[in-house]
Amino acid sequence: MSKHRPSGHSPLARSHKFSVAGVAALGAAALAVTLAPSHGTQAKAQAETVSAAPVAFTTSAGAEQIKDVRAGVAHQQATATKQAEAAAKKAAADKAAAEKAAAEKKAKAEAEAKAAKEREAKAAASRSAARTATAAPAAAKTYANNLDGWIHQSLDIMSKNGIPGSYDGLYRNIMRESTGNPNAVNGYDVNAQNGTPSIGLLQVIQPTFSAYHVSGTSTNIYDPVANITAAANYAADKYGSIDNVNSAY
C-alpha cells in the first residue's frame, strides 16, 4: 500500500539534488581557485577541492554561473593589468619629462655661464685696450723739411703756447724778410752795424731771439722752426700778431 505525500510539495529527484549540489560545489571551488594565491599548500588544497567536487550536473544554470564568475575574474585581471601598464607608462613619461626639464635647465645654466664669461672677456679686453690707448703716447706728427713744413710745425707749437698767427701771416712776412732762406743774414742794416745782424727766415736778432725763444724748440737761431716761433712770439707781444706785421719790425 503506497504512502501519500503532503499536498503542495513537489518531490525532488535524487539526481536533481546531486546536480544542484554539484553546481554549488563546483562554483565555489572555481571561485576559490581563481581568486586565491596559487602557491604552497593552499594551492594544493584548492586543487584537491576542485578534484573532489562533484562535476556531474544536469542543469545549465550552474554552468552559466561558473562562466560568469570566471568572466568577472578575467575582467578584474585585465583591468588590473591595464591599470598597471598605464601607471608604468605615466611613471616613464614623468621620468622622461623630469630628465628633459633637468637637461634643459642645465643647458640654460651652461649657456648663461658661457655668455657671462664671454661678456667678462670682452669687458676685460676693452679695459685692456683702453689702458693701452691711454698709456701709449700719440705717434709723433711729422712735417716736411721745407718752408711749408716749417710753417705748419711752428703753427702747432704756437697753438700749444697760445701764440696767435696764421699760415698766411707767417708766409707773407717770411717771403718779404728772407725769401724763404733759413740761412739769410742781413749784414748792412743798423742791427748789423751794432753787431747784432738780423738772421734767419724772419730776420730776428740774437737778443730778440733769446728773449722770445719758445720752450721746446731749438736754441739755434738758424733753426727754421725756432726762428719762426720766436719771431711770431715777439710780434704777438709788440703788434698783437704776426698777421699785423706788414713791414720791417
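With every protein chain left in place, what is the accessible area per residue of segment 153-249 in square angstrom, probe 1.4 Å?
With all protein chains present, segment 153-249 gives 48 Å² per residue.
May I ask you to derive the relative contact order of segment 91-249, considering only C-alpha pairs under 8 Å and at least 6 residues apart, and to give it as an integer percent?
Rounded, it is 19 percent for segment 91-249.
Return the carbon/sulfur percentage of the accessible area of segment 89-169, one whole number, probe 1.4 Å, all protein chains in place.
Carbon plus sulfur share of accessible area: 58 percent.
With +1 on the Cβ of every Lys and Arg and -1 on the Cβ of every Asp and Glu, and nothing else charged, how large is the dipole of segment 88-233 about its Cα centre, in debye rounded to the nearest 20?
1620
Treating only the Cα positions of segment 134-247 as identical point scatterers, give the base-10 log of I(q)/I(0) from the Debye formula at each q in 0.11, 0.16 Å⁻¹.
Each listed q corresponds, in turn, to -0.33, -0.68.
Name the residue farthest towards the positive end of the dipole of segment 105-207 from the options Q153, S178, S126, assuming +1 on Cβ of Lys and Arg, -1 on Cβ of Asp and Glu, about the Cα centre.
Farthest towards the positive end: S126.
The values are calculated or read from the model by the stated rules, or taken from the named source; none is laboratory data. Just so you know, these numbers come straight off a predicted model, no measurement behind them. Cβ sites come from the backbone with ideal geometry, for glycine too, and all protein chains shown count toward neighbours. Areas reflect the complete protein model, heavy atoms only, side chains present, ligands, DNA and RNA absent. Shrake-Rupley method; radii C 1.70, N 1.55, O 1.52, S 1.80 Å.
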